[in-house]
Every structure is written in C-alpha cells, then in structure tokens.
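Here the structure comes first, spelled out in structure tokens, and everything after it is commentary.
The values are calculated or read from the model by the stated rules, or taken from the named source; none is laboratory data. The shown structure was predicted, so the numbers you read here are calculated from the model rather than taken from an experiment. Because the Cβ atoms are built from the backbone with ideal geometry, glycine has one as well, and the counts that use them run over all protein chains shown. Note: accessible area is taken over every heavy atom of the protein model, side chains too, but ligands, DNA and RNA are not part of it. Shrake-Rupley method; radii C 1.70, N 1.55, O 1.52, S 1.80 Å.
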Amino acid sequence: MSKFIFVTGGVSSSLGKGLTASSLGRLLKQRGLRVTMCKLDPYINVDPGTMNPGEHGEVFVTDDGGETDLDLGHYERFIDESLNRNSNTTTGSIYSSVIAKERRGDYLGKTVQVIPHVTDEIKERVRRLDSEDLDIVIVEIGGTVGDIEIVPFVEAIRQFRSDVGRDNVCYVHLTLVPYLAPSGEQKTKPTQHSVTELRSRGIQPDVIVCRSDQPISDGLKRKISLLCDVPAQAVISAVDAPSIYEIPIAMYEEGLDKVVLDILRIDIDDHPIELNQWESLVDRVERLSETVRIGIIGKYVNLPDAYLSIVEALRHAGFEHQAAIEFVWVDAELVPSEYGAEFLAKLDGIVIPGGFGERGIEGMIAAAKIAREEDIPLLGICLGMQVMVVETGRSLAGLEGANSTEFDRLTSHPVIDLMADQADVSDLGGTMRLGAYPAMLSSGSVVASLYDAEVVSERHRHRYEFNSRYRSKLEEAGLVCSGSSPDGRLVEFIERPDHAYFVGTQAHPEFKSRPDRPHPLFQGLLAGAMRRKAGREPRLLDLDAVH
Ligand code: GLN
C-alpha cells in the first residue's frame, strides 16, 4: 500500500499550496520514490470545465480527457508524471455519485448523510489512486481551513489516518507568517489560529510550512513549535522565491522531505536524494541573460492564470535559450484600435491562445494578419490556429466573410466548422474533442523538424475543426497543412514556410511542456523571437548613430 500526504492550507488562499505540494513531490521523486498527486476541490461544480477561466484560471486537460484544476499543471510540471481524470475530485462530483447511488438504492434504505456517506465517497476517491506501482500519494485539499465547504474533506482525511494506520499518513499544513512593517515583526498568531481551527476538526498537523516574505528565524520556529505542538524541525520556512522552480531546492534546504519521511517511517538512508538535474535547471533559471517580449493576445488577459500553462511553457523555452520572457498582455478586443501594427511590431513574438465564444475574435484575426504581414513569429493554439485559418481565408484565399460557425452560424465560408458527426450541439459538454490524440506530421515541415518526429500526441479541448472542404483553397493561398489525424480527416497543424515562424495547432501543446524539457513548438517560437530581436537591435543602434 502507498503512504499518503495530505496538504491543507490556512489563513489565506493563494499561499502556494499547489507549489508546496508539487515541490515536495519532486523531492520525494528525486529520492527514488514513486509519487502521484491529486487535488480535492471543495467547490460544487462537477469539474472546472464549465468555469470561467477569467475567474478561476485555466482548465488543465489530462491525457485521458479530464478537465481539471490548474494545480494539476503544476503537479505534472514538477513531478513529471502524467495524471488522469481521477487526480481531481470536487464536491460536485462526490455528491453526484452519492446521489446516483442513493437513487439506485445502494444505501439500502439508510438516511444518506455527510458522515459517513459523503466522507466515505471522498476516502474512496483517494484510495482509488493507490496502486502497487506507487509509494506516495500526495493529496492537496483546495480552499482554506475554516471554509464551510471544506469541512467534509477535512473530516474524511482525519478518518483516513485511522483507516490506514498512523505511519501511513502525514498532515502538512501551510500557513502565512506576515511581516508587520510598523512593528518590524513577523507574526505567528494567524498560524496559531489556523492550527487551532484544524485541531478543532480533529487534525494535529505533523508539519507546518510557513509562507513569508522573509526567512523565519530559529527563534520564531521554536515559538511556532511550542504553540502548535510540532517539533521545531517540522516548522518549515517557505520564503517567496524569484522563480517557482527554485522552491524544491529551498524546501530541501529546509528539510521538508526529510521530516515527512520521518513521519511516514521511511528510512531516508534507503533513499538518498539526487538533485543534480534539478539544480542545473535552477542554475539556468538564475542565469537568463536576455529578455524577449512575447505578446499574448487573448480575452482573459486580466487574469494571467487563465493562460498558466502557456506562460510556463514560454518560460521553459526561455530557459533553453537563456532568455527571460517579458509578457505583454494584449486585450484582443482592443486590437487593432488601441494595439495596431505599430504596437505589435515591437513584440518579438506573439501567442494567440485558446478560448471559447465570440468576444475578441475579430481582434485576434486582426493580430494574425498583422503577424503574417509584419513577419512577427506567431504561435496559434487551438482557437489561435482557427483564427489564423480564418484570416488566410479572408485575406489570401478570396473567401469573403470566412469565419468559424462558432461565431457566425450562417457564414458563406465556414472554414472552421463542426464535423458532420457533431452537428447536434444541444449538449455542449458531450461534443468536445478532449484528451490526447495522435497526429501525423508531413516530412520536411517546420513542425516535423521541431518535434523531430513523424507521429506526435497532443491534448485537445475543442469542438470546432478545420473544414477540409476548404483545404485546397487555403493551401493554394500558401497555408501548409503540416499535420493531420492518422485517418487524414482532421487538420491538426498549419504553417507558412515563407514566414519567420507561423505555426498553428488545433491541440494544446502547452500542457506537455516541462521545465527541463521545453515543448518544441514553444522552442520554435522562442528561436524565432530571438532572431527577430537580434535583427532589430543593430537597426536601433544605426538609428542612434544617425541622431
Ligand atoms: N472555441 C474553439 C472550439 O471549440 C476553440 C477551443 C479552444 O481554443 N480550446 O473549437
């Protein structure tokens, strides 16, 4: 049986529970342990698929088509293991199966209650992850201790320890230690209150991780240790890090993995740590000598978390090229009125990301046109690829009014459309192409040389497709369909060989990028952006010389 680590949070949301859990996962993996992770989310949506990314952040898609919380992206990027739909559970999904069981009569006439029926279902979801091939399951509980919705989850993980045995469970609690400038002090009271709240639900934390903007002194650690009843070495200082990829090393230096393994009675001497690979990554992250400006033209630009995996994938590609990314967030609705050709031409590269609904579409189409005409490196992702196709149709293939039927059902040129077998869209949830699909790349294409492969697999999350009826017309206009589904029916990749970098994909490559294994398509964009920047700089110098 695996051992289980439960990570809860107190005091405030957004303390970085997901990153702490992921960093711990990475350290344990570097000790040769086999690790998986999961997130229990107390909200009532059955999954985050229907949630507005502008409010909740991106929906992360797993290989098996699960639409999950964005923290799973951190998990995959840190522990470098593919997760699945079972790696994320919400109150909504728990209740829907409890209610389905009740309707089927599975509870044999009993009154169905939060304890034991809901808590049993939660425990069953966690236990489902256990397997012969795993040593450790890390379970992050979303939300903050003290929230109304979190109570059944805390109760379930409390019971879990008696179910599986003391030494098989470790409770890690993350809190905030604020610094009060007027008194020049770090305060432990919020941590004390948060631990009291957790204890009132029957859980005594084994480890307390304290987020703060300055290191927690040994004296303060002793104070927290005394007041919260954990050994001083189990009080871990988690200081704000310049890059999230530095957190595992910081947690290692604080001894987080060692304390957790002690609690779980795993002999640390049997599992020496191997950190060279991660340290060399951090070394690269700390030595970025250049900056490239990448514009993201989207509709949720007020909440960069809506594009979290794209942001990270761009950073990963930057690590490879020693370049930090300066993100320029461009509201698609303001292109070209506020952000026209002159503005976009100052960027080194552009990403048009995925999205749903009509808002901002014309701006994205305008941006694709500017990028094509100004030779600005452009990567179009899912919806981004679709607008590149629409733009080519309108500007170069003589298809006036070309559009996706998502935005204009009656367009005279539906270059992006539902496939015949998807024509009924009354059940929007049921018609998406979700999860990993293979694609065949044309040899000699830009994408084939970037991937260095002929068959690739990428994750999808969309309803509309490139309309093959227009394929030859668009190809005559210079658009190359460089990758398609194995049966040849669906276009998966497009490009323009005559351009600095003009690549679109119907998939979401950002989900598979890893900090030490950047995704080829983002690498291609970065390489193009670096070339553009290098080409621009001497010109600026010349101008200086003239003045
Ligand atoms: N709205 C488009 C579709 O459903 C694109 C979706 C996306 O970008 N993920 O096909």
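Observations
- Estimated D of the stretch 344-493 in µm² per second, where Rh is the Kirkwood radius over Cα pairs and Stokes-Einstein applies at 25 °C, 0.890 mPa s: 154 µm²/s
- Surface accessible to a 1.4 Å probe, M432 within the full protein complex, Å²: 40 Å²
- With R₀ set to 30 Å, the beta-carbon distance separating S337 from S243 gives a calculated FRET efficiency near 0.25.
- Label-to-label distance for S12 and T291 is 2.6 nm, based on points extended 7 Å past Cα in the beta-carbon direction.
- In this calculation the C-beta distance from S162 to Q322 is compared with R0 = 51 Å, giving a FRET efficiency of 0.45.
- From the Kirkwood radius over Cα pairs of the stretch 1-118, Stokes-Einstein at 4 °C and 1.567 mPa s returns a whole-number translational diffusion coefficient of 81 µm²/s.
- Each 5 Å bin from zero holds the following percent of Cα-Cα pairs in the stretch 438-547: 2, 11, 18, 21, 17, 11, 7, 5, 4, 3, 1, 0.
- DSSP bridge pairs, the chain: antiparallel proportion in percent, nearest 5: 30 percent
- Only alpha carbons enter this Debye calculation for the chain, each as an equal point scatterer, and the log10 of I(q)/I(0) it gives at q = 0.05, 0.07 Å⁻¹ is -0.23, -0.45.
- Computed lengthening from R471 to R128, 0.36 nm per intervening residue step minus Cα-Cα distance: 118.9 nm
- Loop-resident trypsin sites (Lys or Arg not before Pro) (DSSP state other than H, G, I, E or B) in the stretch 256-352 with no more than 14 further Cβ atoms inside 10 Å of their Cβ: R265, R287, K346.
- Computed FRET value (nearest 0.05) for R104 with D305, which takes r as the C-beta separation and R₀ as 51 Å: 0.85
- Estimated distance in nm for a label pair at R489 and S183, the labels positioned 7 Å out from Cα along Cα-to-Cβ: 6.8 nm
- Folded to 0 to 90 degrees: helix 17-30 orientation relative to the chain principal axis, Cα: 80 degrees
- For the stretch 354-419: rounded, prolate or oblate by the Cα gyration tensor [a/c cutoff 1.5]: oblate
- Annotation note: GluC sites (Glu not before Pro) in the stretch 37-137 located in DSSP loop regions with a Cβ neighbour count of at most 11 within 10 Å are E132.
- For the chain, the per residue solvent-accessible surface stands at 42 Å², with DNA, RNA and ligands left out and a 1.4 Å probe.
- Mean residue ellipticity at 222 nm, helices only, the chain: -11000 deg cm²/dmol; runs of at least 4 DSSP H residues each add -39,500 (n - 2.57), and the sum is divided by the number of residues.
- Carbon + sulfur, % of accessible area of the chain - ligands and nucleic acids excluded, 1.4 Å: 49 percent
- Principal-axis analysis of the Cα atoms of the chain puts helix 361-374 at an angle of about 60° to the longest axis.
- Global geometry of the stretch 136-274, whether rounded, prolate or oblate, following the gyration tensor of its Cα atoms and the 1.5 cut on a/c: oblate
- Charged side chains reduced to their Cβ positions (Lys and Arg at +1, Asp and Glu at -1) give the chain a dipole of some 880 debye around its Cα centre.
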